[in-house]
Every structure is written in structure tokens, then in C-alpha cells.
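The values are calculated or read from the model by the stated rules, or taken from the named source; none is laboratory data. Quick caveat, the model's predicted, so the values are computed rather than measured. Here the Cβ positions follow ideal geometry from the backbone for every residue, glycine too, while neighbour counts run over all protein chains shown. These area figures cover heavy atoms from the full protein model, side chains too; ligands, DNA and RNA do not enter into them. Shrake-Rupley method; radii C 1.70, N 1.55, O 1.52, S 1.80 Å.
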Amino acid sequence: MEDERRQLFRPSSFVQITMTAIQTETNANIARLLPKMARERPEQIAVVTGAGRDANGKVIYEQWTFAELDRRSDAYAWGLTGYGFQPGMRVLLLVPAGLPLIALTFALFKVGCVPILIDPAMGTQNLAVCIAECQPDAMIGVARAHLARLVFRKAFRTVRRHVTAGRWAAWGGATLDDLYDVGATITTPFPMAEKHAGDPAAIVFTTGSTGVPKGVLYEYGMFNAQCRMLQEFYGVQPGEIDMPAFPLFALFNVALGVTSVIPPIDPTRPAACDPAKVVETIHDQHVTMSFGSPAIWDKVSRYCVEHGVRLPTLRRVLMAGAPVPARIHERFMQIIEPQANTFTPYGATEALPVSSISGRELLALRAERPGPTAGTCVGRPVTGVELRIIRITDDAIPAWSDDLVLPPGEVGEITVSGPAVTKEYINRPESTRLAKIQDGGRVWHRMGDLGYLDDEERVWFYGRKVQRVETADGPLFTEPCELVFNQHPDVFRSALVGVQTKDEGRRTKENPAQSIRHSSSVVRPVMIIEPHADKFPRTAAERERFEAELLALGAAHQMTASIQTVLFHRSFPVDIRHNAKIFREKLAAWAQQELA
């Protein structure tokens with residue numbers, strides 16, 4: 001059986017790629033930066049991860065230098081080529097975050113393949129739909145992923161090459177160890193594929209917080225622009241140590257000469273992380289920056305404050321994936337140094353970064369604008385990004401017009417254009433049509449978020465467009481309405497939804513005495529509350545008291561005075577990637593049943 005697997009490799013392909021590869025200084029392939037860092041910083045640690053504990057309970061760390069990472073990715077690239085992987089092939093990558101994943105991803109870039117980066121925990125049905133839409137030519141995955149390939153044969157029908165990360169099993173193909181063993185025998189650096197800025201680089205999936213996740217096509221020019229923008233905006237320096245909770249950011253770190261520390265966090269359940277272990281890693285590795293969802297930082301900051309722990313090495317903490325409560329920024333100000341800061345970068349899979357604001361500036365703004373109905377400020381656009389607020393419509397906008405743009409202070413849809421803004425979804429023409437606006441030679445992306453610009457060109461977030469609640473008296477927006485109810489100390493988070501009810505007669509503004517009856521349904525705004533775990537009302541009296549206090553908060557603001565229905569929910573459904581984006585559509589269906 002071993003000989004059978006070895007015969008899968010074609011040594012002649014090594015000669016072919018060596019003869020045909022062409023290298024120029026204009027190569028946009030993002031992988032070109034790895035050998036550059038290997039030359040400039042050969043002994044600097046590129047990637048480090050925990051690998052168990054010693055007899056004293058201390059974490060044992062496994063690490064690769066930039067030189068080692070480059071050699072390993074070269075070995076994988078040679079092995080992939082020998083197994084028949086070719087430039088342009090779409091390769092489904094279902095390998096856990098860690099050392100092999102980073103080396104393997106750069107190997108695919110070196111070969112010129114298009115990695116498909118997908119969250120396997122999105123659910124089997126969503127996973128099957130997304131894989132079928134991507135039409136992968138090859139697959140590299142753990143055993144469980146290959147079992148899914150055998151079950152959902154239709155979704156994987158285009159896969160012609162498959163590699164197992166782990167022990168080989170009865171489904172055939174090669175293993176990752178096979179690729180490495182074959183490639184490691186070749187000492188010649190792998191001749192990297194020539195790529196232009198507009199060439200496809202990778203397919204990255206959205207979180208699917210408002211539907212089935214969508215595959216976003218990235219071009220090499222977009223990756224290069226993202227690296228440049230992140231480095232310039234946040235002042236990231238080579239030699240820094242980052243702990244990214246989102247695996248894609250480890251790829252940026254390699255390009256920036258930054259060490260990546262793989263966090264002790266299950267990427268499919270970040271909110272379930274052990275804050276003590278996260279803090280231990282930050283201390284052990286002298287982490288200078290980190291990126292993660294507010295669900296992670298809520299637990300970590302609370303742990304630090306409760307145990308009197310400080311994080312002196314951290315210079316910047318980035319929190320994204322959902323609106324970040326001010327209380328998290330406030331806690332961090334107690335545990336980081338005065339020269340350090342927190343940041344909430346705003347963006348999406350389709351456009352990142354868009355804008356950013358520091359925690360210190362955000363807290364200062366709260367003092368200036370104490371009213372929660374102002375929404376959440378997400379800062380000013382980063383250099384290179386053009387941002388406009390356009391009128392709200394659910395229809396497609398084929399071509400850009402300046403007539404779409406709203407003045408400062410008016411709520412509309414956030415749209416952006418720039419070098420890191422993606423152009424299309426994979427095999428989702430209708431989604432592309434609804435999200436993109438053509439403007440000559442460039443594209444505007446409709447973020448699907450609502451907000452407004454203030455007089456100082458800061459962006460204020462008002463919630464998702466599809467989650468606004470259209471009532472008989474006008475629209476209600478999730479973010480400002482929820483911020484009103486989140487003021488209650490017993491509220492962990494809240495969610496505004498709309499519930500269809502029969503219109504039993506409402507008075508018109510023109511004639512308050514006149515009641516109009518008809519059989520059509522109207523939308524009732526409902527505020528669903530997830531209390532802190534130990535504050536959930538256990539008796540009818542506690543529920544009535546809690547509800548009365550919440551309705552009093554709502555009545556104090558004109559925007560929320562019409563919300564007269566409150567429901568309590570023990571645990572909101574949230575997205576997998578960040579454990580922070582609320583699935584309001586699911587909550588709306590739940591509320592509809594509760595109020596039936």
C-alpha cells in the first residue's frame with residue numbers, strides 16, 4: 001500500500017515547474033514575502049504554538065523560525081507539485097489552525113493554487129452548500145473532513161486530488177507527511193508562481209450571520225493592500241509578537257515580519273476559551289498585540305480585573321466581529337500600560353480594514369455624547385478607503401451616482417471603495433449584484449450595515465440593514481435601540497426583532513380619533529434580553545420587576561418609547577467565528593412562537 005501511494009507522485013513535474021517558472025520583481029504573489037523574511041530574519045520565530053505541558057505544569061511550546069517555515073513550505077510546495085497540484089487549482093483547506101496550516105497555505109500560494117479557507121464548524125448543510133459553490137479541484141483535510149467528503153459526494157464531486165492531514169485511511173490519496181517527505185529531498189528553493197495583482201489568490205468565507213456563508217474572492221493585489229494598510233494604520237513593526245485568534249491574520253503576520261502565537265482557543269468556540277490560559281500565553285510569549293472577538297476579550301478582561309492581573313507587554317488589542325461594549329475598553333484601561341491602547345477595527349470579509357477607533361478615543365466620545373441612541377462609533381476611514389453613506393434601499397444599484405450620497409447626520413447604508421475591497425462572491429451572482437456598485441473602473445461595496453457620518457467624518461454604526469425593524473411609525477435600528485436596554489446592569493446583551501401581528505386598529509396621525517381596521521399584518525418591535533447568567537428572572541415577580549425597569553429605560557428615549565414588548569432568553573444564538581454576532585433572524589422566529 002505504501003508503494004501504491006508513492007507512485008502517485010510524478011517526479012517529472014518537478015523538472016517541468018523548474019524550467020517554466022519565471023520570477024520578476026513585479027510578482028504580486030503574497031508568498032514572495034516569506035523567503036524575504038527568511039533572508040532578513042532567519043532566526044526570528046515565525047510561528048509558535050502550545051504542545052502540551054511539562055511535569056511542572058508549564059506549557060511546552062513548539063516553534064518555527066522564518067527560515068524553518070520557508071523550508072517547510074518549500075517542501076510542501078514540491079510535494080504538492082509532484083502530486084499533480086498546478087497553478088490556478090482551487091484547493092479546499094480543512095486543516096486546524098497551527099504550524100502545518102500556515103506552512104501549507106504559503107506552499108499553495110507558492111505553487112499558484114487558490115486556497116479555499118472555510119470554517120468547518122458552520123454546520124454540515126452550510127458546509128456542503130459552500131463547498132459545492134466553490135467547485136474545488138483538490139482537497140487537503142483531516143480525517144473527519146474526508147469522511148464528510150464520502151458522505152456529501154455531490155458537494156465534493158469536482159475534487160480530483162485529495163490529501164489527508166494525519167494518518168492515511170481507506171479513502172486513498174496521499175498524506176501531508178508524504179508530501180513533506182518527498183519535497184524535503186529537494187534542496188532547491190521552490191520557484192514561486194508569477195502572479196499579477198488581479199489574479200485570484202484565495203476564497204474566504206463570510207460568517208453567515210444573516211444567511212448561508214458566502215465565498216469571497218480575494219485577489220493578490222487585495223492581500224498586498226491589506227498588509228500595507230494594517231501595518232501603516234496601526235504602526236506594526238517587524239519583530240513584534242502577535243496572538244491572532246483569527247487564522248487569516250497569521251498569514252498577514254508572516255508578510256509583515258511579525259511572530260504569530262497560536263492562541264489556546266478553539267476557533268469554533270472562541271467564547272468558551274479559558275481566560276487564564278490566554279493570559280498565560282500572553283505572558284509566556286511576551287505578546288505585543290492581539291486580535292480577537294469581543295467574546296474573547298470580555299472574558300479575558302473580566303478575569304484580569306477580578307484577579308488583579310496586568311498585561312504589560314501588550315501595546316495594542318484589536319477587537320472585531322461585532323460591536324464592542326464600552327465596558328470591555330474600560331476594563332482594559334485598568335490592565336494595560338498607559339501608552340498601550342485597544343482598537344475596534346471595522347470591516348467585513350468583503351472589505352477589511354474600513355475604519356478604526358481606539359478605546360481611549362471611544363471612551364472620551366462617550367463623555368461628550370452620553371446618549372446611547374448616538375449608536376457606536378467605529379472611527380474614521382483608514383488611508384486608502386473611500387467611505388460614503390447612501391440612501392437605504394434593498395434593491396440592487398447597478399451604477400454609482402453621487403445622488404445616492406446622504407449628508408452627514410443622516411442614517412443610510414455604509415458603502416466603501418478602495419484597494420482592499422473585493423469585487424465578487426463565488427457563484428453567487430445575485431448576491432454580487434445586490435452588494436456591488438460599478439463606478440467606471442472601480443467597485444463600491446455595500447457593507448449591508450447602516451450608520452451615519454458626524455461632522456468630523458467619524459462613522460457611527462447603527463446595525464445591519466436586513467435586521468432593521470420597519471414598524472408602522474417608521475424604522476427602528478438595532479444598535480442604538482439595544483444600547484438603550486444594555487444600560488441595565490443585569491443585561492448581558494439584547495436583540496431588537498420584529499414580530500408579525502394582526503393590525504387590530506391603529507389611529508392615524510392625521511385624525512387620532514379615527515380607527516382603521518383591516519386584515520393586514522403589522523410589525524411589532526420586540527426587545528429580547530439575555531441577562532447575565534446569575535440574573536435570569538426565576539419567578540413571575542422577578543420577571544415583572546425586570547421588565548418594568550427595562551420598559552422605563554426605553555420610555556426615556558423617543559427612539560425606543562414604542563417598544564412595549566420584552567422577552568427573556570437564556571442564551572442567544574451567535575456566529576461560529578466570533579461567538580458575538582447575534583442571529584436575530586433565529587430570535588425573531590423564536591419570539592414569533594413565544595407571542596403566538
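Numerical summary
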item: Filtered residues of region 48-71 (kept if outside any strand (DSSP E or B) and of a type in the set (D, E, K, R)); result: D54, K58, E68, D70, R71
item: Cross-chain or 6+ apart pairs with Cβ under 6 Å, region 476-491 first and in contact (Cβ under 8 Å) with a residue 12 or more places away in the chain, then small (G, A, S) and in a loop (DSSP other than H, G, I, E, B); result: E479/G375; P480/G375
item: Filtered residue count, region 250-262, keeping only those that are open to solvent by 20 Å² or more (accessible area, probe 1.4 Å) and either under 20 Å from S301 (Cβ atoms) or without any contact (Cβ under 8 Å) to a residue 40 or more places away in the chain (or both); result: 0
item: Residue in region 470-489 that is farther than 28 Å from S571 by Cβ, at pLDDT below 95, open to solvent by 10 Å² or more (accessible area, probe 1.4 Å) and part of a strand (DSSP E or B) present; result: yes
item: Residues of region 447-470 that turn out to be β-branched (V, I, T) and within 13 Å of A374 (Cβ to Cβ), as a count; result: 1
item: Residues located in region 492-504, provided they are over 19 Å from V523 (Cα atoms) and either among the small types (G, A, S) or touching a residue at least 60 places away in the same chain (Cβ under 8 Å) (or both); result: R493
item: Set P35, P42: member being surrounded by 17 or more Cβ atoms within 10 Å (Cβ to Cβ) and over 22 Å from the mean Cα position of the chain (by Cα); result: P35
item: Test: residue in region 443-461 that is in a strand (DSSP E or B), open to solvent by 30 Å² or more (accessible area, probe 1.4 Å), under 18 Å from Y425 (Cβ atoms) and at pLDDT 95 or above; result: no
item: So V305, is it of a type in the set (V, I, T) and part of a strand (DSSP E or B); result: no
item: Qualifying positions in region 424-442 - open to solvent by 80 Å² or more (accessible area, probe 1.4 Å) and either at positive phi or free of Cβ contacts under 8 Å to residues at least 40 places away in the same chain (or both); result: N427, P429, E430, R433, G441, R442
item: Sole exception among (1) at pLDDT below 95; (2) open to solvent by 20 Å² or more (accessible area, probe 1.4 Å) for T206, by number; result: (2)
item: Filter result for the condition that a residue is touching a Cys at 6+ places or on another chain (Cβ under 9 Å) and either of a type in the set (G, A, S) or over 30 Å from P191 (Cβ atoms) (or both), over A145, A107; result: A107
item: Checking P238 against (1) out of contact with any Gly (no Cβ under 7 Å at 6 or more places or on another chain); (2) farther than 28 Å from V129 by Cα, the condition it does not meet; result: (1)
item: Among the candidates G198, G211, residue that is open to solvent by 30 Å² or more (accessible area, probe 1.4 Å), at pLDDT 95 or above, within 19 Å of Y425 (Cα to Cα) and out of contact with any Lys or Arg (no Cβ under 9 Å at 6 or more places or on another chain); result: G198
item: Qualifying residues in region 240-259 (those that are part of a loop (DSSP other than H, G, I, E, B) and of a type in the set (G, A, S)) - the one modelled with the lowest pLDDT; result: A245
item: Of the criteria (1) more than 22 Å from the chain's Cα centre (by Cα); (2) closer than 26 Å to Q231 by Cβ, which one V405 fails; result: (2)
item: Subset of region 109-155 [in contact with a helix residue (DSSP H, G or I) (Cβ under 6 Å, 6 or more places away or on another chain) and free of Cβ contacts under 8 Å to residues at least 40 places away in the same chain]; result: F152, A155
item: Qualifying positions in region 228-248 - open to solvent by 20 Å² or more (accessible area, probe 1.4 Å) and either more than 23 Å from A322 (Cβ to Cβ) or without any contact (Cβ under 8 Å) to a residue 60 or more places away in the chain (or both); result: R228, Q231, E232, G235, Q237, P238, G239, I241, A245
item: Within region 407-423, considering residues that are among the aliphatic types (A, V, I, L, M) and either in contact with a helix residue (DSSP H, G or I) (Cβ under 6 Å, 6 or more places away or on another chain) or over 23 Å from T383 (Cβ atoms) (or both), the one surrounded by the most Cβ atoms within 10 Å (Cβ to Cβ); result: A420
item: Of all residues in region 551-596 being among the polar types (S, T, N, Q) and assigned to a loop (DSSP other than H, G, I, E, B), the one that is farthest from T501 (Cα to Cα); result: N579
item: Count of region 190-220 residues which are among the hydrophobic types (A, V, I, L, M, F, W, C), assigned to a loop (DSSP other than H, G, I, E, B), touching a Gly at 6+ places or on another chain (Cβ under 9 Å) and over 15 Å from Y76 (Cβ atoms); result: 1
item: Scope region 425-442; condition in a strand (DSSP E or B) and either modelled with pLDDT under 95 or out of contact with any Ser or Thr (no Cβ under 6 Å at 6 or more places or on another chain) (or both); matching residues; result: K436, I437, Q438, D439
item: Hey, P200 over 26 Å from D119 (Cβ atoms) and in contact (Cβ under 8 Å) with a residue 24 or more places away in the chain or not; result: no
item: When residues of region 313-326 are limited to those that are in a loop (DSSP other than H, G, I, E, B) and touching a His at 6+ places or on another chain (Cβ under 9 Å), the one most open to solvent (accessible area, probe 1.4 Å); result: T313
item: Single match in A580, A548, A533 (criterion: open to solvent by 50 Å² or more (accessible area, probe 1.4 Å) and under 24 Å from P323 (Cα atoms)); result: A533
